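The next block holds one structure in the form of structure tokens; read it before the comments.
The values are calculated or read from the model by the stated rules, or taken from the named source; none is laboratory data. Bear in mind the structure is a predicted one, so any value in this text is a computation, not a measurement. Virtual Cβ from ideal backbone geometry, glycine too; neighbours counted across all protein chains shown.
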Amino acid sequence: MIRRALGTYNIDIGPIETLLASYLHDKDYSQIVLIDDEHTEALCRPKLDLDPSLVITIQPGEQHKSIDTCSIIWRQLIEAQIDRHALVINLGGGVIGDMGGFCASTFKRGIDFIQIPTTLLSQVDASVGGKLGVDLNGIKNIVGLFKDPGAVLIDPGFLETLPVAELRSGYAEIVKHGLIADAQLWKETKTYDLSNINWEDIINRSVAVKQKVVEQDPFERNLRKILNFGHTIGHAVETYYLNGPNHLLHGEAIAIGMICESYLSSRMTTLPESVADEIKSDLLAIYERNDLPDLSVDQLMNLMSNDKKNKSGNINFSLIDRIGSCMWDQVCSLDMIKSSFEFYLAK
Ligand code: GLY
């Protein structure tokens, strides 16, 4: 087992039965509530060896990360008479972790919760750092709060339950951690073979990057913004195609964002153009080029202007000035943003 201490809580990596038993060992919770979804119910819950007082299973998918689903969860907590000394265990990907944590933190003004992330994306990113929330009006995570979990328990064994596309999607956040803060991690992960990875090691090193950043700036006032590299454009692209036939997984959209924002980095920082070219070809070797059908950069700009990182009407970017180093609050012109898509699309 690997243990990382982040503020008031531990991030443990290892077999889930051991991690959960060790977490519960000295606790005295009145009730245990398990929140999962229809995927983790079948594929992951049996591994927990747990007999909760209440199980809430929600439908999987980002479209259910909503206040409506929160109401369903809160009502079930009320009906089961869950008290303030209960524990909520969130078993699932980012949707379950963000929304289950949000529901727990607001129910009766806050009850304990722990995160058991089951997707690669949530293991290396969403579960660490205390961001909780739901989507509203088509805007991701627009309603939420910062609140640390009691623990994050990561079992790389859960990755065996994931489709390869999901695994590759989560991998984008590992690659991002390398690009913004760990050149060696980038070097090792850019040539990849998902079937032959020491996940425990890679997850641990990826979480280490996030931990170091979050420790210094838990509420994203400054440094934590570097975790958004690739996300200003990536989130907008993800939202743009959200409900259509060209729907993209989060990591696929972030890969596009990282290529575009590497171009912006080469225009705005000391990053050489040749390095932006290399990043593009390395990422395209993992994430097949998308033709971005019917893309309207003006509409994308609208989506980007809703980004929580913005200030005073400017669209803010986090840009790398070399591999392993990132700057934040960089304002780019519309023309430059348009050119970044041309850079992405150019063969
Ligand atoms: N996913 C970026 C962050 O947690 O700040």
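Please verify whether residue 247 is within 27 Å of residue 62 (Cα to Cα) and in contact with a Phe, Trp or Tyr (Cβ under 8 Å, 6 or more places away or on another chain), treating the condition exactly as stated. Here the answer is yes, as residue 247 does meet what is asked. For residue 262, indicate whether it is more than 15 Å from residue 169 (Cα to Cα), of a type in the set (Gly, Ala, Ser), surrounded by 19 or more Cβ atoms within 10 Å (Cβ to Cβ) and touching a Lys or Arg at 6+ places or on another chain (Cβ under 9 Å). Criteria met by residue 262. The residue of region 231-255 that is surrounded by the most Cβ atoms within 10 Å (Cβ to Cβ), among those that are away from the ligand (no atom under 16 Å from the Cβ) and in a loop (DSSP other than H, G, I, E, B), is 248. The set of residues in region 131-151 that are of a type outside the set (Asp, Glu) and either part of a loop (DSSP other than H, G, I, E, B) or free of Cβ contacts under 8 Å to residues at least 40 places away in the same chain (or both) comprises 131, 132, 133, 137, 138, 147, 149, 150. When 5, 21 are screened for being part of a strand (DSSP E or B), within 30 Å of residue 218 (Cα to Cα) and either out of contact with any Ser or Thr (no Cβ under 9 Å at 6 or more places or on another chain) or at pLDDT 95 or above (or both), only 5 passes. Looking across region 188-207 at every residue that is assigned to a helix (DSSP H, G or I) and at pLDDT below 95, the one that is surrounded by the most Cβ atoms within 10 Å (Cβ to Cβ) is identified as 189.
Mind telling me which of the residues 233, 256 ends up being at pLDDT 95 or above, of a type in the set (A, V, I, L, M, F, W, C) and within 22 Å of residue 191 (Cβ to Cβ)? Going through 233, 256 in turn, the sole match is 256. Restricted to region 161-185, and to residues there that are in a loop (DSSP other than H, G, I, E, B) and closer than 20 Å to residue 288 by Cβ, the residue that is farthest from the ligand (Cβ to nearest atom) is 163. Note on region 152-192: residues that are more than 27 Å from residue 43 (Cα to Cα), free of Cβ contacts under 8 Å to residues at least 60 places away in the same chain and among the acidic types (Asp, Glu) total 1. A Cβ distance below 6 Å, combined with a sequence gap of six or more or placement on separate chains, defines the contacts here; from region 216-228, residues that are aromatic (Phe, Trp, Tyr) reach residues that are more than 8 Å from the ligand (Cβ to nearest atom) in the pairs 219/146. Restricting attention to region 274-297 and to residues that are of a type in the set (A, V, I, L, M, F, W, C) and in a helix (DSSP H, G or I), the residue that is nearest to residue 164 (Cα to Cα) turns out to be 286. Can residue 136 be described as farther than 20 Å from residue 18 by Cβ and either of a type in the set (S, T, N, Q) or more than 16 Å from the ligand (Cβ to nearest atom) (or both)? When the stated conditions are applied, residue 136 passes them. Within the group 158, 219, which residue is touching a Cys at 6+ places or on another chain (Cβ under 6 Å) and either within 16 Å of the ligand (Cβ to nearest atom) or assigned to a helix (DSSP H, G or I) (or both)? Within the list 158, 219, the selection yields 158. Within region 186-210, the set of residues being within 16 Å of the ligand (Cβ to nearest atom) and aliphatic (A, V, I, L, M) comprises 203, 207, 208, 209. Answer yes if at least one residue in region 282-289 is within 15 Å of the ligand (Cβ to nearest atom), more than 24 Å from residue 334 (Cα to Cα) and either modelled with pLDDT of 95 or more or touching a helix residue (DSSP H, G or I) at 6+ places or on another chain (Cβ under 9 Å) (or both), and no otherwise. No: region 282-289 contains no residue that is within 15 Å of the ligand (Cβ to nearest atom), more than 24 Å from residue 334 (Cα to Cα) and either modelled with pLDDT of 95 or more or touching a helix residue (DSSP H, G or I) at 6+ places or on another chain (Cβ under 9 Å) (or both). Of the strands (runs of 3 or more DSSP E) contained entirely in region 39-130, those carrying at least 1 residues that are within 15 Å of the ligand (Cβ to nearest atom), buried (at least 24 other Cβ atoms within 10 Å of the Cβ) and within 14 Å of the chain's Cα centre (by Cα) fall at 112-117. Pull up region 140-161, narrow it to residues that are surrounded by 15 or more Cβ atoms within 10 Å (Cβ to Cβ) and hydrophobic (A, V, I, L, M, F, W, C), then point me to the one that is farthest from residue 120 (Cα to Cα). This residue is 143.
Among the residues here, residue 265 qualifies as modelled with pLDDT of 95 or more and either within 30 Å of residue 144 (Cβ to Cβ) or part of a loop (DSSP other than H, G, I, E, B) (or both).
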